[in-house]
Amino acid sequence: PESDSVAILNPEDIIIADQDIEKISATNRLKGTVKTMFADEVSGDIRLEIDVPGKLFTVLITEASAVKMNILPGKEVYLIFKATSLTWA
């Protein structure tokens, strides 16, 4: 990509973890804080807005995953994704 290109990352391509996971093929990890969460009316999933210093990411997870990981606003989480998930514009 060019130096002024924008990377687009589909929310469905992001894995959320409550601790850093090292032994997976997705090598891109960002630590952030859950800012907001609400039910997505279209998919029925939970839409999270996660602040990684300087950037805001939108992520979709299932309600069961949100409950299992005790996801609430203010919780620190890791965003994990593969480089091949990025689309450059």
Problem - Per-region count, the stretch 48-68, residues open to solvent by less than 70 Å² (accessible area, probe 1.4 Å), farther than 16 Å from residue 13 by Cβ and not in a strand (DSSP E or B) - result: 1
Fill in the blank from the handout: Log entry, pairs with first residue in the stretch 5-22 being surrounded by 13 or more Cβ atoms within 10 Å (Cβ to Cβ), second being part of a loop (DSSP other than H, G, I, E, B), beta carbons closer than 7 Å, six or more apart or on different chains, reads 15/26; 18/69
Completion exercise
Checking 83, 64, 26 in turn, the sole residue that is modelled with pLDDT under 95 and more than 14 Å from the chain's Cα centre (by Cα) turns out to be 64
Handout entry: Filter pass, residue 52 being within 13 Å of the chain's Cα centre (by Cα) and modelled with pLDDT of 90 or more
Key = yes
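The values are calculated or read from the model by the stated rules, or taken from the named source; none is laboratory data. Remember, it's a predicted structure, so these values are computed and weren't measured experimentally. A quick note on method: Cβ atoms are made from the backbone with ideal geometry, for glycine too, and the neighbour counts reach across all protein chains shown. Surface areas here come from the heavy atoms of the whole protein model, side chains and all, with no ligands, DNA or RNA. Shrake-Rupley method; radii C 1.70, N 1.55, O 1.52, S 1.80 Å.
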